[in-house]
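Input: a single structure, listed below in structure tokens.
Nothing in this text is a laboratory measurement; each read-out follows from the coordinates by a stated rule. Just so we're clear, the structure is a prediction, and the values are computed from it rather than from any experiment. Heads up, the Cβs are rebuilt from the backbone with ideal geometry, glycines too, and the neighbour counts pull from every protein chain shown.
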Amino acid sequence: GLTVNDGVVSGYVHNQVAPGLGKIGVLVALESTGDAVRLEELARQLAMHVAAAQPQFLDIASVDGEALAREREVLAEQARASGKPEEIVEKMVEGRLRKFYEEVVLSEQTYVIDGETKVSKVVEDAAKEIGAPVTLAGFVRYTLGEGIERREDDFADEVAKLAK
């Protein structure tokens, strides 16, 4: 679950059709002893960011080892295809991995609200403003219909069964 000892868990609902009901729902947990009202506002803004940017991981340390290995392999193949020497290939892979992190890791993403600051820097700056350390403890993002399995029926088969 998404819990904090000290701090807030705040949310944002995108395309809201009724209170708390919309197409995308996000919860963000911030660990801090700072002012709860300011933390709540920061968490809500970060939740908006998560709704828009769709990060898959909280920080680089939480990137799934398999996903990272797959991405590294794909990037290495692409780099080798350019015909460059192996040491250059490795540098290319590292550079492209940074790009990968900027796309899928929340703390490395560019904050959508200002379009230029890294999310980790936004949290760091907020901590200075609030006067207490702020840690991004976690997030959850739900999309309407996600995880719902529908039974697939073949209409032609159904008609054939009824015809028998």
dims of region 64-104, Cα set, principal axes, largest to smallest, nearest Å -> 28, 17, 13
Full extension from ASN15 to ALA52: what is 0.36 nm times the residue separation minus their Cα-Cα distance, to one decimal in nm?
12.2 nm
If you take the square roots of the eigenvalues of the alpha-carbon gyration tensor of region 1-74 and sort them as a ≥ b ≥ c, do you get rounded (a/c under 1.5), prolate (a/b over b/c) or oblate?
oblate
Report the Cα-based extents of the chain along its three principal axes, largest first, to the nearest Å.
75, 57, 27
Between VAL4 and ASP35, what length comes free when the chain is fully extended (0.36 nm per residue of separation minus the Cα-Cα distance, one decimal in nm)?
9.7 nm
Note down the nm distance, to one decimal, between modelled labels 7 Å out along Cα→Cβ at ASP64 and at GLU102.
2.4 nm
Unit charges on C-beta of K, R, D, E only; dipole of the chain, Debye
260 debye
Which of ALA51, ALA127, ALA79 ends up with the largest GNM mean-square fluctuation for the chain, with Cα atoms connected below 10 Å?
ALA79
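Could you work out [θ]222 nm for the chain from helices alone, using -39500 (n - 2.57) per DSSP H run of at least four and dividing by all its residues? Round to the nearest 500 deg cm²/dmol.
Helix-only estimate at 222 nm: -15000 deg cm²/dmol.
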Suppose each label sits 7 Å from its Cα in the direction of the beta carbon; what would the GLU86-ASP114 distance come out to in nanometres?
4.4 nm
Rank by packing, highest mean first: peptides 26-35, 135-144, with packing defined as the count of other Cβ atoms within 10 Å averaged across residues.
26-35, 135-144
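Using the structure shown, select from LYS91/LYS128; LYS91/LYS121; LYS23/LYS91 the pairs with a Cα to Cα distance greater than 29 angstrom. The partial results should precede the final answer.
Values: LYS91/LYS128 35 Å; LYS91/LYS121 26 Å; LYS23/LYS91 40 Å.
Over 29 Å Cα-Cα: LYS91/LYS128; LYS23/LYS91.
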